[in-house]
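What follows is a short report on a single structure.
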């Protein structure tokens, strides 16, 4: 007798379903919740000439109260946090880059559709450029935070080392990091596992479960044995949970 699998998302891509509170999303990405709140709801700021002004959200989320983020939004926030935290690019430059990529290059969600490169001050994307008076194109870097100015590739370093993409080039899995971007990919966030909660990579074991049992007195060895994962991975998961809790 054939069995059917219940579609709990009603036919929607699970990555597009509002799932995360701002507080949880900020904890998973190890950024202040006030920072993430301003990214998804906008921010009021003062100007000398015009007084109070309101900046638009950098990340567009579904309407609702309280606001909730989808996995797409979480991925967008992850990329934005990496640009801001790891590379030190200003939010103003980032906003200009996103507007340019959306308007000129035709990307509706550039943070999850487009790989960005950076020199620490500006953002760049790769683009095929037609050479003047020639029949071929070259792959060049476009400075998208300065309105499309071309830049030299050797000045830049690659970003987005810790995401996986689907066949359409969209982010499908995130490997969050706490201390160094080069640290092992022991933690993953995938909307198809544990309802998008952080888990030990390659499993459905929530990192929260490991932390709760460790706080209750279980040893590293007991956790490794019970969940059938390496002790070093348990240690990484617990360190990540501690960093997330302290964010």
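Just so you know, all these numbers are worked out from the coordinates, no wet-lab data involved. Keep in mind that this is a model prediction, so the values were computed, not measured. With ideal geometry, Cβ positions are generated from the backbone for all residues, glycine too; neighbour counts draw on all protein chains shown.
Shown for 50, 208: other C-beta atoms within 10 Å of each C-beta, ranked fewest to most, produce the order 50, 208. Spin-label pair residue 62-residue 220: with each label point 7 Å from Cα along the Cα-Cβ axis, the two points sit 4.1 nm from one another. A Förster radius of 30 Å, combined with the Cβ-Cβ distance separating residue 167 from residue 243, puts the computed FRET efficiency at roughly 0.40. Taking the average, over residues, of other Cβ atoms within 10 Å as the packing measure, peptides 65-77, 27-39 rank 65-77, 27-39 from highest down.
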